[in-house]
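Only one structure is covered here, and it is reproduced in the block below.
The numbers here are math on the coordinates, done by the rules we state, and not lab data. Since the model is a prediction, treat every value here as computed from it, not as a measurement. Quick reminder, even Gly has a Cβ in these numbers, built from the backbone with ideal geometry, and neighbours come from all protein chains shown.
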Amino acid sequence: MKLRGDILSPIRPGPRVGSFTNDLDNKEYDNGVGDSTERWIYKIRSHGHSISQRFSIECEMALEEIQSQLGGKWKLDRSENFDEFLKELGLNVVFRKMAGAAKPVIEIKIENDTVNIVSKVSFFNQVISFKLDEPYQQNYEGLEMNCMSRWENGKIITEANPVAEGKGKAQKFVREISNDELIQTMYVGDVKCTRVFKRTSE
């Protein structure tokens, strides 16, 4: 078979060299021309549909797990190394003091096939919306980032890289549940920061 754009064009084969078993109906067909070529096309297209359907099911299951495990509202309880994290990002001391004193509330919810993470503090609100395993852009502390988020082993893992080359630093965020607490681990450069949230009804 030869791919020409999105069209599958049969190429006349040489001498018959054997046969194959079509796993769609468990029957054997020769690998010559005619009807077997049509079956090759059907098999390729059916296989592609099967992969797409399986991916859709896996994505739906992941979203259900995120909602059941991380869904709801969470209030910051404690932080470790947060000021160093902000300093590594190049933020000034005034902003760092305000951010360090704040007790943000995070709400995680699923709407259709989109994950929404809403962070609220007295002086700043942030909304992060994304589809799993799809690229998106997000502003972090005034810096536009190219991001990708995935669900892996009970964790939302987000990797973010600056849109503008040479401006800003790559960051990584991991959100997971441990001992009924939401653990948010953040990485930038050689700095690791951990923020722990507890469920709230606020």
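Look at Ser56, Ser79 and count the other Cβ atoms within 10 Å of each Cβ; fewest to most, that gives Ser56, Ser79.
Looking only at the range 165-201, which residues have a backbone nitrogen under 18 Å from a spot 7 Å from the Cα of Arg78 in the C-beta direction? Hits in the range 165-201 for Arg78 at 18 Å: 176-186, 192-200. Remark on Gly154: its backbone amide H falls under 5 Å from none of the residues 5 or more positions apart or on other chains, H modelled at 1.01 Å from N.
Beyond 20 Å in Cα-Cα separation lie the following of the pairs Lys73/Lys172; Lys120/Lys192; Lys73/Lys97; Lys87/Lys192; Lys109/Lys169: Lys73/Lys172; Lys120/Lys192; Lys73/Lys97; Lys109/Lys169. For the range 82-187, the residue among Leu182, Ile117, Gly142 whose Cα projects farthest onto the positive side of the dipole built from Cβ charges is Gly142. For Asp77, neighbours were defined as the other residues whose beta-carbon sits under 12 Å from its Cβ, and their charges (Lys and Arg +1, Asp and Glu -1) total +3. Here the simple spin-label model places points 7 Å from the Cα toward Cβ, and for Asp180 and Met148 these points are separated by 3.7 nm.
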